[in-house]
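Here is the structure we will look at.
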Amino acid sequence: MGAPVLPTVLFPSWGLTELKNSTEKAKETIKKELKSRPLESMIDEIIAERLKPEPSVLGRGDYFEIPDKMVMFYKYSYGGQSKFFHELKENAVLYGAKCKSCGMVYFPPRTHCSECYSETSWQRVSNEGIVLSSTTSWYATSDFFDVVPYAVGYVKPLDADTGILQRIDLRGKEVIEPGTKVTARFREKRIGVVSDFWYEMMEQD
Ligand SMILES: [Zn+2]
């Protein structure tokens, strides 16, 4: 028996048209599959399959290789960008950084200005922004499965000079045009990651 096959939509290899046509059907299939077999159990099965004893072989060169697995739990630091993630998680507000010398406002924030290399200071930026460019994505990792298709694009807050690469809700549209006005929306349960927020089109006047 081979390793269990993960739902195709997590690792899609189809063409765009096929994927587009099959998305609704695939959503139902994966939802059913995940309900009956949690993803963790499928991954455990794959690991068990890969760890099956193999005949003794010599690997590259003259070195004997055996299969093994490594599990790591770790933390990483956001370093100089910590305030951005802390404020996003705790207060659902967006912080950029302003150059102390030339006044450039960066979003996402940078500790130093890329124009004049001076230090920056923290600066709140608007939830409202303008789409600089975007593309529509029919591919998703499990985090975004429920929102396929969605747009990914650069959004510049109205009071910033640079934009952030972020998810934009399509709201039934096929594409989001450059120049579209959008506003930030925040997850109710935020954990301090960039996907704690996304953008949606603003209601047209
Ligand atoms: Zn500067």
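Observations, loosely collected:
- Test for residue 89: is it modelled with pLDDT of 95 or more and closer than 29 Å to residue 31 by Cβ: yes
- The single condition among (1) closer than 26 Å to residue 181 by Cβ; (2) assigned to a helix (DSSP H, G or I) that residue 80 does not meet is (1).
- Hey, residue 154 of a type in the set (Phe, Trp, Tyr), in contact with a Gly (Cβ under 9 Å, 6 or more places away or on another chain) and modelled with pLDDT under 95 or not: no
- Extreme residue, farthest from the ligand (Cβ to nearest atom), among residues of the stretch 130-150 that are modelled with pLDDT of 95 or more and touching an Asp or Glu at 6+ places or on another chain (Cβ under 9 Å): 134
- Lone unmet requirement of (1) modelled with pLDDT of 95 or more; (2) buried (at least 18 other Cβ atoms within 10 Å of the Cβ) for residue 170: (1)
- Listed conditions (1) closer than 26 Å to residue 28 by Cβ; (2) in contact (Cβ under 8 Å) with a residue 40 or more places away in the chain are all met by residue 193, apart from (1).
- Among the residues making up the stretch 84-113, those that are among the aromatic types (Phe, Trp, Tyr) and part of a strand (DSSP E or B) are 95, 106.
- Unique residue being buried (at least 17 other Cβ atoms within 10 Å of the Cβ) and either touching a Lys or Arg at 6+ places or on another chain (Cβ under 7 Å) or more than 30 Å from residue 32 (Cβ to Cβ) (or both) when the list is 184, 140: 184
- Number of positions in the stretch 88-111 that are within 11 Å of the ligand (Cβ to nearest atom) and surrounded by 15 or more Cβ atoms within 10 Å (Cβ to Cβ): 7
The values are calculated or read from the model by the stated rules, or taken from the named source; none is laboratory data. Note that the structure is predicted; figures quoted are calculated from it, not measured. Quick reminder, even Gly has a Cβ in these numbers, built from the backbone with ideal geometry, and neighbours come from all protein chains shown.
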